[in-house]
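Data first, discussion second: the structure below is written as C-alpha cells.
The values are calculated or read from the model by the stated rules, or taken from the named source; none is laboratory data. These numbers come from a predicted model, not from an experiment. Cβ placement follows ideal geometry from the backbone for every residue including glycine, while neighbour counts extend to all protein chains displayed. Accessible surface areas use protein heavy atoms only, side chains included; no ligands, DNA or RNA. Shrake-Rupley method; radii C 1.70, N 1.55, O 1.52, S 1.80 Å.
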Amino acid sequence: ALWLTYRTVRHELGLARQQRNFLLAASHELRTPIAGLKLHLQTMQRRSLDPEQQATMIDHALGEVDRLGALSEKILLAMRLEEVHLPLQRSNTDLSALSTELVERARGSYGRHHRIELSAPVSLVVPTDADAYRTILGNLLENACKYAPADTLIRVLLQQATTSRQVTLEVSDQGPGVPEEDRAHLFERFFRGGHEETRQAKGTGLGLYIVHRLAAELGGEVTFSPGPSGGAIFAVVIPER
C-alpha cells in the first residue's frame, strides 16, 4: 500500500511539474507575439510611414497573428486528442507533393536559417488523412528547426516500403540530440527536458505528443533514434489503408 501510494504521489507530482512548465511556456509563447503585434500597430498609428514601410509592418503583424493562430490550434488539437478519437478523412493523397509544399513553407518561415533537404519519390499517392500528415510533418520540422543550430542541415526522407504496404517519413537534424534520461518521455503531453526558467528553445511540449497521437490515429507509430554523428531522427510509419 505504501509503495502504491508513493507511486501515485510521484506520478501526480510529475504531472503537476509538467503542467506548470506548460503554463510557463504557453504564457511566454502567447506574450511574445502579442507584444510584437501591439508594437507594429502602435508604430503604424504614431508614425507617418511610406507605403513600403506600411507593407512591411503589416507583413510583420500578420506573421504574429499566424503565430498566435498556430499556437491556439496546437493547444486545441492536443486537448481534442486527449479526449476523443479524431474522425479521419481518408482520401488518395500525394504525400510527395504535400511534403514539398510543407518544406517550401518551412524554408520561407521558421526554417529560413536552416538548410532543409527533401528526398521523396516524384509522386507517392496513398489513402490517408492529408490534414493529419500535414500536422505530423509540420510539427517534426518545427521541432528540428527549434533545436538544431542555424545553418545546419535538416533532412526529410519520404519512402514507400517494398515489403509491406506502408510509408515511412523521417526527419533528421544535426542538433544536440536528446539526453538518454529524457527519451522515454519524449512523446508525453507537456514534456520538455530541462528547466523551464533556464531553457533557451521555445515551445509548449505539445508538438511531439501531437505527432505521437496522430500517428496512432492513422494506425502507425513514431519512434526516436539518435543520429550516427549526433542529432535526432524521428521516423513515422504510416500504413496504407
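Summary of values
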item	result
Residue in the range 164-175 that is part of a loop (DSSP other than H, G, I, E, B), out of contact with any strand residue (DSSP E or B) (no Cβ under 7 Å at 6 or more places or on another chain), modelled with pLDDT under 90 and open to solvent by 40 Å² or more (accessible area, probe 1.4 Å) present	yes
The listed residue being open to solvent by less than 90 Å² (accessible area, probe 1.4 Å), touching a residue at least 60 places away in the same chain (Cβ under 8 Å) and among the hydrophobic types (A, V, I, L, M, F, W, C), out of A97, A144	A144
Single match in S123, S119 (criterion: open to solvent by 30 Å² or more (accessible area, probe 1.4 Å), within 20 Å of G227 (Cα to Cα) and in contact (Cβ under 8 Å) with a residue 24 or more places away in the chain)	S119
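Listed here are the residues, each with its yes/no results for (1) outside any helix (DSSP H, G or I); (2) of a type in the set (K, R); (3) open to solvent by 80 Å² or more (accessible area, probe 1.4 Å); (4) modelled with pLDDT of 80 or more.
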| site | (1), (2), (3), (4) |
| --- | --- |
| L39 | no, no, yes, no |
| S48 | yes, no, yes, no |
| H60 | no, no, yes, no |
| R67 | no, yes, no, no |
| E73 | no, no, yes, no |
| L76 | no, no, yes, no |
| E82 | no, no, yes, no |
| V103 | no, no, no, yes |
